[in-house]
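So the structure is just underneath, and the comments pick up after that.
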Amino acid sequence: MSINKKPTLVILAAGIGSRYGGLKQLDTFTPGGDTIMDFSIFDAVEAGFGKIVFIIRKNIEEEFKEVFDKKLFGIAEVDYVFQEIEYVPAKYQNPERNKPWGTGHALLMAKDAVKENFAIINADDFYGKEAFQIMAKVLSNTDKESYDFNTMAYLLKNTISDHGFVSRGECEVNEKGFLTDVTERTHIEKINGELMRKDDNGAFIPIDENTVVSMNFWGFTPKCFEFGVELFDTFLEENKDNLKAEFFIPSVVNEILKSGKATVKVLKSDAKWFGVTYREDKEIVQEKIEKLIQQGIYPSKLW
C-alpha cells in the first residue's frame, strides 16, 4: 500500500453565480467575514486534510488570494488552479461560448496540483463537520494507487432550496452500499409542495424526496484522472456545437463504474447540509450558521 500523506481538499469555486446574482463563493455569512468555504476548510483541516486547492477563474485570482492566503498561512498548504472556457483543445474553442465547461472539466484542471488522495466539494455548500471527519478517515486509509473511490450522500429532501430549482446527482446504490449509477438532474424544484424534476424533454415528473443524491462531495485517489481525460475529449467532440453543454463529475463517475475497474462507496453522514443557490437563501444560511456558533460547534472567529 502506498503511504498516504494528509489528504487534499479541492474546492470547485470557478462558477459565475448566475442564479445568485454575484460571486457567492466570496460572499460572507458571519459578522467576522467568513464565507461558506471557510467553514468547509475549517472542518477539513480539523479532520486531517493538509492541502487546499481552489479551482477558480483568473479574473477572481487576486480576490481569492487576498482572502485565503492570509487566513490559511501556516494552517494548510494552498494552491490555485484555473478553469477557463478556452482551456480545451484549439479545435473546440468557440468565441461565442460564455459558460464554463462544468464540474468534470474543473476536476481535470486540478490534475497537476493533486498528488494525494483528495475530496472535491462545491464552494457554496455547507456539508457539516461530521461529513469531513468521515471522508478524511476513509481517504487516509485508502491506498492511493487503488481505484477505491467514495461519495458522501444526502437525502434529496434535505438539499432543496425554497426559492427555485437546483441541480443534484441522483444516485443508485446497491445492497452493499456501493454506487451503481449517478445521473445529473439539472432541474429539481419544489412545486406546490411536491418535488419535481425535468425529464429529457423538459416535462416535469415527480421525484421521491428520499432519493439519495450527490452534492459533489466525492473522495478520489489520483487514479480518477485516468478516466476523465479521454472521456472529456469524447464529450467535446460530441458537443462542439452546443454552447451550453457541460461536462459533469457524474459523467466521470459513471465511466469509472462502467469500467469495472473501480468502486464508489456511498458514505452517509447525519451532518446537516445547507447551501446557497439563490440570493434569498442567504438569510436562512446565516441563521443556521449563527445557531451552530451559539451551540459551540464553531468558534465565533474561525481563524
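Observations
- V88 at pLDDT 90 or above, of a type outside the set (D, E) and not in a loop (DSSP other than H, G, I, E, B): no
- Candidate set from region 159-177 (those that are among the polar types (S, T, N, Q) and without any contact (Cβ under 8 Å) to a residue 40 or more places away in the chain); member that is surrounded by the most Cβ atoms within 10 Å (Cβ to Cβ): S167
- With respect to being surrounded by fewer than 18 Cβ atoms within 10 Å (Cβ to Cβ), in contact with a helix residue (DSSP H, G or I) (Cβ under 9 Å, 6 or more places away or on another chain) and outside any loop (DSSP other than H, G, I, E, B), E63 fits the description.
- Subset of region 66-79 (residues that are surrounded by fewer than 17 Cβ atoms within 10 Å (Cβ to Cβ) and either under 16 Å from D27 (Cα atoms) or under 20 Å from the mean Cα position of the chain (by Cα) (or both)): E66, E77, D79
- If the condition is being among the charged types (D, E, K, R), out of contact with any Phe, Trp or Tyr (no Cβ under 7 Å at 6 or more places or on another chain) and either over 30 Å from T142 (Cβ atoms) or part of a strand (DSSP E or B) (or both), then region 263-281 contributes K268, E280, D281.
- Residue in region 112-126 that is at pLDDT below 95, at negative phi and in a helix (DSSP H, G or I) present: no
- Positions within region 237-252 being more than 29 Å from M152 (Cβ to Cβ) and part of a loop (DSSP other than H, G, I, E, B), in sequence order: K240, D241, N242, L243
The values are calculated or read from the model by the stated rules, or taken from the named source; none is laboratory data. These numbers were taken from a predicted model, which means no experiment stands behind them. Note that we place each Cβ from the backbone using ideal geometry, even for glycine, and neighbour counts take in every protein chain shown.
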